[in-house]
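Chemist: I am attaching a structure below and will ask some questions about it afterwards.
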Amino acid sequence: MDAAFSSERQESVHLGRIRVVGVPVHIVAPSEVDTIIVQALQGEKPFQIVFLRLWDLMRAKWNREYKRMLEQAGLVLPVSRAILFGARFQQKRLPIRYSPFDFLIRTLAMLERHGRSLYVLGGNPRDLKRVDGNLRQTFPGIRVLGRYIGTYPKAHHESILTALRKASPDFTFIGPGPAERERWVARNRAFLPSGIYLWSEEVFDILADKRRRIPREAFERGTDSVVEGFQRPWRVLRLPVYAFYVLLLLYHRMRHY
């Protein structure tokens with residue numbers, strides 16, 4: 001570990017956390033991200049980062065396992081503007097939205113500056129090779145300790161956990177493939193080495209050149225949902241769930257009067 005990285009040990013950030021309709025969400029300023037990553041790498045347990053969209057927040061209301069995963073996660077970052085609206089409606093501190101792609105790139109850039117290590121799990125052989133190649137080309141200073149497809153047979157599950165324990169990467173990036181999706185980390189938490197774990201099918205597909213990233217300007221303006229609506233029109237079927245979200249907000253607001 002280099003001196004610059006070691007010097008950051010003196011810093012400490014206490015994560016703020018609120019609940020939007022009972023679901024935990026962290027409040028993290030952009031200036032605190034690097035310090036939080038340092039703290040996570042110094043920890044002795046797996047540190048999971050979760051990108052939370054409104055659909056995921058609502059899923060936590062009826063899926064106990066998913067809700068438990070959010071409670072245990074080291075960092076739950078909101079992506080949807082609707083989550084910020086919910087926090088404001090409940091008269092709570094406003095969290096900050098994060099673009100999954102930009103957050104991952106910033107984190108990998110920091111890891112590269114300090115010569116940290118990476119493991120990639122996800123996708124089919126072709127997509128995984130493309131993601132691995134793009135990461136190595138963009139971040140040549142990161143030590144890629146290994147990679148494995150996400151669509152692996154169940155018989156290989158223990159071998160993957162063993163490989164991760166032996167490699168003990170600082171950061172494990174997980175994409176599509178594992179049936180448990182982001183819950184793969186929570187379900188295998190007891191068998192994983194310390195380090196940071198992040199699942200994002202969206203970012204994995206972008207790095208595999210299968211999906212176009214949302215323009216940063218659109219995300220900052222809050223029009224990213226419009227862009228995604230054109231790219232994935234079937235999401236209009238989720239409107240009843242979003243309507244239920246509004247009812248939950250009203251219920252939680254009235255409980256505090």
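Nothing in this text is a laboratory measurement; each read-out follows from the coordinates by a stated rule. The shown structure was predicted, so the numbers you read here are calculated from the model rather than taken from an experiment. Here the Cβ is made from the backbone with ideal geometry for all residues, glycine too, and neighbour counts use every protein chain on show.
Chemist: Show me the ranking of peptides 89-96, 145-152 by mean Cβ neighbours inside 10 Å, starting with the highest.
Modeler: 145-152, 89-96
Chemist: Given only helices, namely DSSP H runs of n ≥ 4 each adding -39500 (n - 2.57), what is the per-residue ellipticity at 222 nm of the chain, to the nearest 500 deg cm²/dmol?
Modeler: For the chain, the value works out to -14000 deg cm²/dmol.
Chemist: Take peptides 159-165, 76-82 and line them up by average Cβ neighbours within 10 Å, highest first, as a rough protection proxy.
Modeler: 76-82, 159-165
Chemist: Which lysines have a Cα lying under 27 Å from the Cα of LYS45, excluding residues fewer than 8 positions away in the same chain?
Modeler: Here the lysines satisfying the reach criterion relative to LYS45 are LYS61, LYS67, LYS154, LYS166.
Chemist: Students often check this: by mean Cβ neighbours within 10 Å, which of 58-66, 19-27 ranks highest, and how do the rest follow?
Modeler: Output ranking for 58-66, 19-27: 19-27, 58-66.
Chemist: Taking a label point 7 Å from the Cα of ARG181 along the Cα→Cβ vector, which residues of the stretch 199-218 have an amide N closer than 17 Å to it?
Modeler: Residues 199-206 fall inside that zone.
Chemist: Reachable lysines from LYS129, Cα under 19 Å, same-chain residues fewer than 8 places away excluded?
Modeler: Answer for LYS129, where 19 Å is the Cα cut-off: LYS210, listed by chain and number.
Chemist: Quick one: if the Förster radius is 25 Å, what FRET efficiency do LYS154 and ARG211 give, using the C-beta to C-beta distance and rounding to 0.05?
Modeler: 0.35
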